[in-house]
1. Assuming Gly292 fulfils every condition listed in (1) out of contact with any Leu (no Cβ under 9 Å at 6 or more places or on another chain); (2) surrounded by 14 or more Cβ atoms within 10 Å (Cβ to Cβ); (3) not hydrophobic (A, V, I, L, M, F, W, C) apart from one, which condition is it?
2. Taking the range 205-229 as the region of interest, how many residues are aliphatic (A, V, I, L, M) and surrounded by fewer than 24 Cβ atoms within 10 Å (Cβ to Cβ)?
3. Could you tell me whether Ile169 is assigned to a helix (DSSP H, G or I), open to solvent by 20 Å² or more (accessible area, probe 1.4 Å) and among the β-branched types (Val, Ile, Thr)?
4. From (1) part of a helix (DSSP H, G or I); (2) surrounded by fewer than 16 Cβ atoms within 10 Å (Cβ to Cβ); (3) small (Gly, Ala, Ser), pick out the condition that doesn't hold for Ser63.
5. Of everything in the range 132-153 that's touching a Phe, Trp or Tyr at 6+ places or on another chain (Cβ under 9 Å) and of a type outside the set (A, V, I, L, M, F, W, C), which residue is surrounded by the fewest Cβ atoms within 10 Å (Cβ to Cβ)?
6. Of a type in the set (Phe, Trp, Tyr) and within 18 Å of the chain's Cα centre (by Cα) - does that describe any residue in the range 152-167?
7. Kindly indicate whether any position in the range 237-252 is without any contact (Cβ under 8 Å) to a residue 24 or more places away in the chain and of a type in the set (Phe, Trp, Tyr).
8. Scanning the range 89-107 for residues that are open to solvent by 40 Å² or more (accessible area, probe 1.4 Å) and either among the polar types (S, T, N, Q) or within 14 Å of the chain's Cα centre (by Cα) (or both), which turns out modelled with the highest pLDDT?
Amino acid sequence: MKILVLNTGSSSYKSCLYDLSDGALPANAPVPLWQAQLEGTHLKIVVAGKTIEKEINAAPSASIKQMLETIWSGENRVLNSPSEIDMVGHRVVHGGSEYRKSTFITADVKSTIARLADLAPAHNPASLRGIEVVESLLKNVPQMAVFDTAFHSDIPDAAAIYPGPYEWIDQGIRRYGFHGINHEYCAGRAAQILQKDLSSLRLISCHLGNGCSLAAIKNGRSVDTTMGFTPLEGLMMGTRSGSIDPGIILYLLHQGVAATEIDHILNQQSGLKGISGGSGDMREITASIAKGEKRAQLAFDIYAHRLRSYIGAMLASLRGLDALIFTAGVGENSAPLRAAVCEGFAFLGMKIDTTKNENKPVDADIATPDSRIRILVIQAQEDWAIARECFSLQLRAKR
């Protein structure tokens, strides 16, 4: 079975093609036959270890189409025909209360994804665009939606329901959580690394990229998370504020600031970027700190403080902790942040191995042997997690 994964973001598109012709899922993520990433107009394709880069200056749908066509056309093609693709999996950020698990895409599913675009305006429309491009290219090939919210769909009501009017519940205003695809993958990978039964573990997964969220995972299930009704809640992020006093929004409205401008401020001009005055990229923040820039240091300190604070909240939900997981771009690559976070929990017996931490760990335990809590760095594998879900759903559909 050849499975194409299309992961459409707000301003970027990633895609992988996996060959699972052996009929069984490998224990670890295999190297894709083909993978591509489109950032703006810049397209990067990797085939058999070779990287090809080119510029595509077209509208979003046309850009996705040109990216996907390199799979079966051109000198670096890996298939002879698009008909060789058996299934396509899409990451869809918001499934609302309607979709608590992955599902085959139908007209009704597309309609719901579109309706939920108000809750994820930067992502759900992009996912729909990708779905429609695939329909035009691959016609009747089955497509599946894998929802970022699904993993959190069973968190207890006490954690999911906001303390507003009870009527909000009927309106669907509740905490949905996000990054569920990667949180779930990391939980399973943590059990492999630790050689433990997932059902026996209490885990906190820290997905730290441009968007950031935590998940408290007990017995393999999410019991609490930091993002909520939208991806804006919770941790400080690259350009998003995370949770703030809602009174600030009311104050700004009374000052005559338009709702659209507040939306732009909270989502695009806050977080690391807003405090540092420069970049929302942790790599650039770290470089600026080395130059003695005080605002960059302040941004890092706030980020670490709020991360430690929310980890503390997840600890209370779990009533203990077996392993702390760092994943995604910042989690995997910022040794100073991992050190700063773990130092805050030294009173619990958490001890980080400085050498391992600074040695670019991948899918590794970086805690000292005598640490009471394991500290794991796990590479995010959203695309592989989506491919696995496609494979499993197809098998279930055939039974």
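1. Unmet for Gly292, out of (1) out of contact with any Leu (no Cβ under 9 Å at 6 or more places or on another chain); (2) surrounded by 14 or more Cβ atoms within 10 Å (Cβ to Cβ); (3) not hydrophobic (A, V, I, L, M, F, W, C): (2).
2. Matching residues across the range 205-229 total 1.
3. Numbers: assigned to a helix (DSSP H, G or I): yes; open to solvent by 20 Å² or more (accessible area, probe 1.4 Å): yes; among the β-branched types (Val, Ile, Thr): yes.
Taking the combined requirement at face value, the residue satisfies it.
4. With respect to (1) part of a helix (DSSP H, G or I); (2) surrounded by fewer than 16 Cβ atoms within 10 Å (Cβ to Cβ); (3) small (Gly, Ala, Ser), Ser63 is out only on (2).
5. Our first condition is that a residue be touching a Phe, Trp or Tyr at 6+ places or on another chain (Cβ under 9 Å); within the range 132-153, this holds for 142-145, 147-150, 152-153.
Still in the running and of a type outside the set (A, V, I, L, M, F, W, C): 142-143, 148-149, 152-153.
Working: Pro142: 16, Gln143: 22, Asp148: 27, Thr149: 27, His152: 28, Ser153: 19.
Per the criteria, the residue is Pro142.
6. The first filter runs over the range 152-167 and keeps only residues of a type in the set (Phe, Trp, Tyr), leaving 162, 166.
Adding the requirement that they be within 18 Å of the chain's Cα centre (by Cα) leaves none.
No: the range 152-167 contains no residue that is of a type in the set (Phe, Trp, Tyr) and within 18 Å of the chain's Cα centre (by Cα).
7. So far as the range 237-252 goes, yes, one or more of its residues are without any contact (Cβ under 8 Å) to a residue 24 or more places away in the chain and of a type in the set (Phe, Trp, Tyr).
8. The residue in question is Thr106.
The values are calculated or read from the model by the stated rules, or taken from the named source; none is laboratory data. Values in this document were obtained by computation on a predicted structure and should not be read as measured data. Heads up, the Cβs are rebuilt from the backbone with ideal geometry, glycines too, and the neighbour counts pull from every protein chain shown. Protein only, heavy atoms only, side chains kept; ligands, DNA and RNA dropped before computing areas. Shrake-Rupley method; radii C 1.70, N 1.55, O 1.52, S 1.80 Å.
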